[in-house]
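The values are calculated or read from the model by the stated rules, or taken from the named source; none is laboratory data. As the structure is a prediction and not an experimental result, all values here were calculated from the model. Cβ: placed from backbone, ideal geometry, glycine included. Neighbour counts: every protein chain shown.
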Amino acid sequence: MKKLMNLIVLSCQKATLLIEKSHDKPLSFMDKLQLNIHLKICDKCAGYQKQSLIIENALKSNHQSFSNPSDFKLADTSKIRIQKEIEEKLKK
């Protein structure tokens with residue numbers, strides 16, 4: 001029974017991964033099913049999905065307004081700051 005539940009109910013980590021993956025390409029039937037079940041029982045992931053969609057839409061709308069978005073790069077100072085924050089979060 002536990003194995004069956006693990007197939008049906010996703011962890012929050014897997015659910016957020018599928019939410020982000022769904023922005024780039026369609027999910028498989030099983031992934032959609034598992035994600036929808038998880039979102040019905042997990043308010044935090046449902047909220048994450050809404051926020052992620054807002055961010056994705058904002059990025060897409062800004063992305064289209066630039067003539068060559070690939071020319072835009074993150075400043076080295078920002079890269080360092082982001083890397084430090086990631087490392088700090090992983091230590092906790």
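Figure legend. Inter-residue proximity from the stretch 43-62: first residues over 12 Å from residue 16 (Cβ atoms), second residues among the aliphatic types (A, V, I, L, M), beta-carbon distance below 9 Å, spacing 6+ or different chains. Indicated pairs: 53/19.
Take the conditions (1) outside any helix (DSSP H, G or I); (2) modelled with pLDDT of 90 or more; residue 46 misses just one of them, which is (1). Of the residues making up the stretch 14-40, those that are surrounded by 10 or more Cβ atoms within 10 Å (Cβ to Cβ) and of a type in the set (A, V, I, L, M, F, W, C) are 15, 17, 18, 19, 27, 30, 33, 35, 37, 39.
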